[in-house]
Amino acid sequence: MPPTKLIRSALATVGAGTLIAAVALPAAYAGDGGDDWQSAGKGKTSGISGIAVSGTAGAADDVDAIVVRDNKEPDENRVASVAYRDGKDPDVDPLDWKGGSPPSDLEALAAVPGEKNGYLAVASSGEAFHLQVADGEAKVVDTFTLPAVEFGDEIENLALGTPSSSAAAAHGTSAREGKLVAVWGDRGKDDRPGTLHAAPLSFDSSGKSHFGDVQSAEVRAPYPTEDVRHASDTELTESGALVVSSASDPGDDGPFDSAVYAAGRVSLDDSGAVVLSVAKEPEVLKKFEKHKVEALACLPGSDKAVLGTDDENDGGSLTTAGGLCGG
């Protein structure tokens with residue numbers, strides 16, 4: 001398992017704050033991800049487009065999670081619970097969608113910190129759903145549109161976290177400010193970079209969302225380089241490091257290719273404003289050949305992540321990997 005190191009690279013800092021010359025991120029993790037993937041279902045309706053951990057990770061990489069799928073027909077599953085046990089086929093239980101017609105093309109999912117059974121699911125259009133997941137159901141609490149979404153965007157990533165202040169991040173600490181921050185964005189394609197947005201997020205007593213000022217920055221995946229989606233999912237580590245997955249998608253039958261890379265950092269300045277810092281030359285942490293990674297979530301208290309794929313006609317699969325969330 002690779003140690004965390006200080007990656008020195010110029011960062012484009014967006015929003016309040018000054019240019020950051022170095023940031024603590026996970027060290028590069030050479031080599032591909034092997035093929036330690038476990039099938040979560042065959043066929044196009046079984047792909048995994050977003051994932052959020054719903055429990056703690058066990059010593060043997062046991063993970064309980066909620067996943068979303070980018071299905072579009074009324075009778076196709078949108079949300080499911082998954083029990084991943086290393087070396088065994090995952091147990092996948094579809095959840096009933098409650099609260100209006102099921103949405104089309106769900107592409108990302110994140111757990112709401114501090115809210116029991118609370119999640120945000122996002123469709124490619126930027127439409128978002130605040131969910132309560134319990135008793136075999138995904139119940140809609142509120143529906144809204146994410147800020148800063150433009151015509152033609154394909155929203156594929158979402159992360160929620162409570163990052164540290166800039167001063168704490170500079171000293172390598174993980175002191176939490178308790179301020180919820182959302183990161184989301186357009187996946188980009190080939191010559192068009194992905195665009196990430198970050199903003200404070202809060203919920204009122206009825207579960208409705210309220211966003212603060214939005215900061216934005218472009219990202220380009222260092223790998224893969226053909227038929228590339230620059231940001232297929234996004235995650236914030238406990239210290240605010242920004243980890244992004246990328247994928248090559250030439251069509252329903254592949255061949256697919258993916259990576260996870262260190263993209264930058266999200267922090268708060270002295271006034272509490274969000275600072276989004278993106279690396280000019282992101283560093284690959286790990287490659288995953290033959291799969292299209294669209295779902296990424298860090299495991300609590302670990303440098304490991306659980307990853308899900310949407311391999312189109314080949315269905316969906318899951319694995320865990322170390323060295324991705326230690327920054």
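Summary of values
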item: Pair residue 85, residue 38: separation of 7 Å Cα→Cβ label points (nm); result: 0.8
item: For region 176-327: rounded, prolate or oblate by the Cα gyration tensor [a/c cutoff 1.5]; result: prolate
item: Segment residue 226-residue 290, extension gain: residue separation times 0.36 nm, minus the distance between their alpha carbons; result: 21.7 nm
item: Phi-based couplings in Hz for region 274-280 (Karplus 6.51, -1.76, 1.60; Gly and Pro marked x); result: 6, 10, 9, 10, 10, 5, 5
item: Cα-projected label distance for residue 142 with residue 271, points at 7 Å along beta-carbon direction, nm; result: 2.5
item: Protection proxy ranking of 251-258, 114-121, 155-162, 285-292 - average other beta-carbon atoms within 10 Å, highest first; result: 155-162, 285-292, 114-121, 251-258
item: Heavy-atom accessible area order for 92, 260, largest first, 1.4 Å probe; result: 92, 260
item: Per-residue SASA entry for residue 230, accessible area with 1.4 Å probe, Å² rounded to 10; result: 10
item: Virtual spin-label span in nm between residue 281 and residue 62, 7 Å along Cα→Cβ; result: 4.5
item: Candidate lysines for bridging to residue 116, where Cα separation is under 20 Å - those fewer than 8 sequence places away on the same chain excluded; result: 98, 139, 179, 208
item: Length-normalised contact order of region 274-327 in % [C-alpha pairs under 8 Å, at least 6 apart]; result: 29
item: Stretchable slack from residue 162 to residue 75, in nm (0.36 nm times residue separation minus alpha-carbon distance); result: 27.7 nm
item: Extended-chain gain in nm, criterion 0.36 nm per residue less alpha-carbon gap, residue 150 and residue 313; result: 55.7 nm
item: Backbone N under 13 Å from the residue 192 label point (7 Å along Cα→Cβ), restricted to region 221-245; result: 228-231
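The values are calculated or read from the model by the stated rules, or taken from the named source; none is laboratory data. Source: prediction; values computed, not measured. A quick note on method: Cβ atoms are made from the backbone with ideal geometry, for glycine too, and the neighbour counts reach across all protein chains shown. Heads up: the accessible areas ignore ligands, DNA and RNA and are worked out on the full protein's heavy atoms, side chains in. Shrake-Rupley method; radii C 1.70, N 1.55, O 1.52, S 1.80 Å.
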